[in-house]
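Below is one structure, written out as structure tokens, with a few remarks after it.
Every number here is computed from the coordinates shown, using simple stated rules; none is lab data. Only a predicted model underlies this, so the values are computations on that prediction, with no experimental measurement involved. Note: ideal-geometry Cβ built from the backbone for every residue, glycine included; neighbour counts use all protein chains shown.
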Amino acid sequence: MLRDYIRQLSEKWFWLSKWVAAAIGFGAVLLVGLIFLIARSLDFESFLNYFALGLLLFVFVTLFYGIIAIHDVPYEIAKARDHPHQDAIHAAGWVSLFTLHALWPLLWIWAMLYRPERGWGFKEPPATEGSGPSDGIEELRQRVSELEQRLKGGVR
């Protein structure tokens with residue numbers, strides 16, 4: 001029970017946990033640098049160089065994970081809508097990542113097209129009383145029978 005709850009929580013907060021871990025790591029490096037700066041075993045210029053290097057690495061890692069997270073958005077939409085082509089959308093998302101995002105807008109549209117309650121959107125609305133195809137057929141049958149009666153009676 002607890003294990004399932006932890007698994008669901010980790011799936012739900014998977015991307016957020018990576019951002020928090022990166023921020024904690026960056027804060028730890030900054031704290032260590034400040035301790036060395038205060039202890040005077042590191043001069044201010046060297047501290048700034050290390051700080052800039054750490055900031056540069058943090059930005060690169062954030063951009064890397066950010067791009068991957070953005071490319072998973074159509075798949076997450078498809079999964080939430082119980083789309084019948086989830087796997088194809090996920091695979092095409094990775095292909096789009098390697099083709100400089102060329103397919104990504106089309107994947108977004110593809111994932112948004114399907115909804116479980118209405119499918120692809122081509123279903124007929126539910127028929128109301130008095131406006132169905134059977135009513136039209138009954139009217140046509142009545143007209144045909146009237147015409148047949150006229151022909152039998154010799155009325156033209």
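Near the amide H of Leu103, under 5 Å away, which other amide H atoms are found, from residues 5 or more places off or on another chain, if H is placed in the peptide plane?
The list, which skips near neighbours in sequence, is empty: none.
Where in the stretch 61-87 is the amide nitrogen less than 17 Å from a point lying 7 Å along the Cα-to-Cβ axis of Ile109?
74-75, 78
Mind listing P(r) for the stretch 13-71? All alpha-carbon pairs, 5 Å bins, whole percents.
4, 18, 24, 19, 13, 10, 7, 4, 1, 0
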